[in-house]
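The values are calculated or read from the model by the stated rules, or taken from the named source; none is laboratory data. A quick note: this is a predicted structure, and the numbers were derived from the prediction, not measured. So basically every Cβ, Gly included, is an ideal-geometry build from the backbone, and we count neighbours across all protein chains shown.
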């Protein structure tokens with residue numbers, strides 16, 4: 001499995017790239033209806049299009065289990081593709097037992113609370129939870145679908161090549177998970193940045209607090225822009241706090257690969273955009289419209305075009 005992953009037939013180029021669902025099952029069903037999908041044999045199906053889920057389909061909303069089963073059935077039936085986001089990775093690491101019987105990795109307090117709440121949806125049926133976790137381990141970390149790419153947070157050609165070897169057995173095996181969780185391993189950086197993006201540290205004397213009054217020590221960036229000479233505000237992307245408009249000190253800029261302006265269109269999730277254009281640049285498009293925090297569920301209808309268009313977005317609102 002090269003991710004590409006089951007590459008579609010060369011004539012298949014009509015995709016509905018759906019953003020982070022975060023457990024909002026009813027909204028997902030509403031969006032699929034808007035996109036022209038119907039249930040055939042218990043599976044959401046379109047006559048000539050495929051859905052593509054960019055990850056983070058669990059946590060925060062009321063029915064992660066329902067979302068998983070909808071996406072799982074679509075993937076198995078060939079009516080959709082799906083990749084892993086950081087929330088699925090957290091679940092896989094937390095609910096997969098290591099050699100000592102404990103979790104592969106226990107997340108921080110906030111993510112642990114989310115995952116414990118997620119597990120409650122399976123109360124009394126631990127085998128069903130394990131079955132869904134094992135299915136998640138078969139999902140790729142990225143897709144190459146003809147002329148487009150799909151990744152949860154950051155596309156780096158070198159990282160992608162490094163990660164391709166993980167799926168030779170058809171799933172993320174425990175030995176791979178152990179390596180990915182190890183911050184000293186060669187694959188850890190590629191894995192972490194692919195699913196969580198590029199984050200730069202704040203200067204020690206810059207005190208920034210988010211809406212929950214939590215001090216932030218790093219921020220997400222526009223990895224398609226050359227960072228040198230940019231201000232914090234110019235380079236910031238998808239952060240829920242305001243950054244100052246002065247130049248980032250060069251010593252804070254890590255060495256990461258800037259996405260080439262001539263590279264294929266890449267669709268991403270993760271960045272929870274509200275009240276801003278989803279098309280970040282000519283070849284980078286975010287489809288996460290922040291349904292997890294009162295926004296919308298988004299899909300981009302890709303029809304083989306070489307240029308991105310705002311009119312191709314379809315949204316499903318949360319109920320008022």
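Would you confirm whether or not segment 158-169 contains a residue that is in a loop (DSSP other than H, G, I, E, B), assigned by TED's automatic domain parsing to the domain that holds residue 248 and either in contact (Cβ under 8 Å) with a residue 40 or more places away in the chain or under 16 Å from residue 142 (Cβ atoms) (or both)? Checked segment 158-169: no residue is in a loop (DSSP other than H, G, I, E, B), assigned by TED's automatic domain parsing to the domain that holds residue 248 and either in contact (Cβ under 8 Å) with a residue 40 or more places away in the chain or under 16 Å from residue 142 (Cβ atoms) (or both). Filtered by the rule that a residue be at positive phi and surrounded by fewer than 16 Cβ atoms within 10 Å (Cβ to Cβ), segment 139-183 gives a lone residue, 170. Just checking, does segment 33-51 include any residue being outside any strand (DSSP E or B), within 19 Å of residue 289 (Cβ to Cβ) and within 21 Å of the chain's Cα centre (by Cα)? Yes, segment 33-51 has at least one match. Please go through segment 281-303 and give me each residue that is at pLDDT 95 or above and farther than 20 Å from residue 34 by Cβ, ordered by number. Scanning segment 281-303 gives 281, 282, 283, 284.
The residue of segment 88-105 that is nearest to the chain's Cα centre (by Cα), among those that are more than 23 Å from residue 50 (Cα to Cα) and crowded, with 19+ Cβ neighbours inside 10 Å, is 89. Residues in segment 278-304 that are closer than 18 Å to residue 16 by Cα and surrounded by fewer than 13 Cβ atoms within 10 Å (Cβ to Cβ): 2 in all.
For segment 216-245, the set of residues classified as part of a loop (DSSP other than H, G, I, E, B) and under 12 Å from residue 203 (Cα atoms) consists of 217, 243, 244, listed by residue number. Of the residues making up segment 242-253, those that are surrounded by fewer than 13 Cβ atoms within 10 Å (Cβ to Cβ) and within 24 Å of the chain's Cα centre (by Cα) number 1. Whether a residue is outside any loop (DSSP other than H, G, I, E, B) and either surrounded by 15 or more Cβ atoms within 10 Å (Cβ to Cβ) or not assigned by TED's automatic domain parsing to the domain that holds residue 137 (or both) was assessed, and residue 263 does not pass this test. Of all residues in segment 283-303, those satisfying the criterion of being more than 20 Å from residue 142 (Cβ to Cβ) and in a loop (DSSP other than H, G, I, E, B) are 289, 294, 295, 303. Checking the conditions here, which among 274, 278 is within 27 Å of residue 208 (Cα to Cα) and at pLDDT 95 or above? Checking each option against the conditions leaves just 278. Determine whether segment 107-119 contains at least one residue that is surrounded by 14 or more Cβ atoms within 10 Å (Cβ to Cβ), over 20 Å from the mean Cα position of the chain (by Cα) and either at pLDDT below 95 or in a loop (DSSP other than H, G, I, E, B) (or both). No, segment 107-119 contains no residue that is surrounded by 14 or more Cβ atoms within 10 Å (Cβ to Cβ), over 20 Å from the mean Cα position of the chain (by Cα) and either at pLDDT below 95 or in a loop (DSSP other than H, G, I, E, B) (or both).
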